[in-house]
Amino acid sequence: MTSDRLRFALLAPAAVLTLSACGINSVPTAEENAKAKWADVQAAYQRRADLIPNLQAVVKGAAESEKTILTDVIEARAKATSIQVSANDLTDPAKVAQFQQAQAQLGGTLSRLLANVEAYPELKSQANFTTFMSQIEGTENRINIAIRDYNGAVQSYNTTIRTFPDMIGAKIIHGAKPMVPFEAKAGADQAPTVDFSKG
C-alpha cells in the first residue's frame with residue numbers, strides 16, 4: 001500500500017508537469033507563425049495592387065478597345081484593396097472568403113486585360129510594358145509562394161491545436177480556434193480561354 005502511494009506521489013507531479021506544458025508555447029508559436037505568413041500574403045497582394053496604376057498609364061493610350069477591361073481592373077483593384085482581413089480574422093471563414101473573392105476578381109480582370117493586350121504589337125514593344133509584365137509575373141509568383149507558405153503554417157497550427165497533448169492547452173488556456181486556409185478559386189484547375197481577336 002505504501003509503495004503504491006509512493007509511486008503515485010512520484011508519478012503525479014511528473015504527470016502534472018507534463019500536462020501543464022501542453023500547448024503553452026507550441027500553440028502561440030504556431031499561431032504567430034501563421035499570422036506572419038498571412039502578412040506575407042497581404043504584402044504580395046498589395047504589391048500587385050500598387051502595380052495597377054502603372055498598368056493603367058502604359059495601356060491607356062495604346063488600345064482604345066481595352067478601356068472597358070481597364071476600367072474593370074481599376075474597379076476590381078479598388079474593391080480588393082478595400083477588403084482587409086486582420087490576423088485576428090483568420091478564424092472567420094466568411095471574412096477570409098470575402099478577401100479571397102475580391103483578390104480572385106482582381107486577378108481575373110488583370111489576366112483578361114493582359115491577355116487581350118498581347119494582341120497589340122506596338123504596346124508589347126514598349127520597354128515600359130515589358131518591364132511591367134515582368135513585374136506582374138514576379139508578383140504573381142510571390143503571391144503563390146506566400147499563399148503556399150500561409151497554408152502550410154495554418155495546417156501546422158490547426159494540427160497543433162487538434163492533437164494531444166497540445167489540444168489540452170489550446171482549449172483550456174488559449175481558447176484556440178482553427179484558422180482558415182486560403183483556397184483556390186473555383187475553376188482554377190481550368191486553363192483560361194484567351195481571345196486574340198479585336199472584334
*Can you name the residue in segment 84-94 that is in a loop (DSSP other than H, G, I, E, B) and among the polar types (S, T, N, Q) and, of all such residues, is surrounded by the fewest Cβ atoms within 10 Å (Cβ to Cβ)?*
Gln84
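One line per residue, one yes/no per condition, for (1) closer than 16 Å to Glu31 by Cβ; (2) over 24 Å from the mean Cα position of the chain (by Cα); (3) modelled with pLDDT of 90 or more:
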site: Thr159; (1), (2), (3): yes, no, yes
site: Thr163; (1), (2), (3): yes, yes, no
site: Asp166; (1), (2), (3): yes, yes, no
site: Asp189; (1), (2), (3): no, no, no
site: Thr193; (1), (2), (3): no, yes, no
site: Ser197; (1), (2), (3): no, yes, no
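Considering every residue within segment 179-186, establish whether at least one is open to solvent by less than 90 Å² (accessible area, probe 1.4 Å), modelled with pLDDT of 80 or more and under 17 Å from Thr29 (Cβ atoms).
Kept after step one, since they are open to solvent by less than 90 Å² (accessible area, probe 1.4 Å), are these residues of segment 179-186: 179-182, 184.
This time we only want the ones that are modelled with pLDDT of 80 or more, so: 179-182.
From the residues that got through so far, the ones that are under 17 Å from Thr29 (Cβ atoms) too are 179.
Yes, segment 179-186 contains a residue that is open to solvent by less than 90 Å² (accessible area, probe 1.4 Å), modelled with pLDDT of 80 or more and under 17 Å from Thr29 (Cβ atoms).
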*Please work out which residue is nearest to Pro53 (Cα to Cα), limiting yourself to segment 131-150 and to residues that are of a type outside the set (Val, Ile, Thr) and touching a residue at least 40 places away in the same chain (Cβ under 8 Å).*
Phe132
*When both residues are 6+ apart or on different chains and their Cβ atoms are under 8 Å apart, which pairs have a first residue that lies in segment 69-83 and is open to solvent by less than 60 Å² (accessible area, probe 1.4 Å), and a second that is hydroxyl-bearing (Ser, Thr, Tyr)?*
Ile69/Thr109; Asp72/Thr109; Val73/Thr109; Ala76/Thr109; Ala80/Tyr45
*Go through segment 151-186 and give me each residue that's more than 17 Å from Asn88 (Cα to Cα) and touching a Leu at 6+ places or on another chain (Cβ under 8 Å).*
Pro165, Ile168
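The values are calculated or read from the model by the stated rules, or taken from the named source; none is laboratory data. This is a predicted model, so every value here is computed, not measured. Methodologically, a virtual Cβ is constructed for each residue, glycine included, from the backbone with ideal geometry; neighbour enumeration extends over all protein chains shown. What goes into the accessible areas is simple: the full protein's heavy atoms, side chains included, and nothing from ligands, DNA or RNA. Shrake-Rupley method; radii C 1.70, N 1.55, O 1.52, S 1.80 Å.
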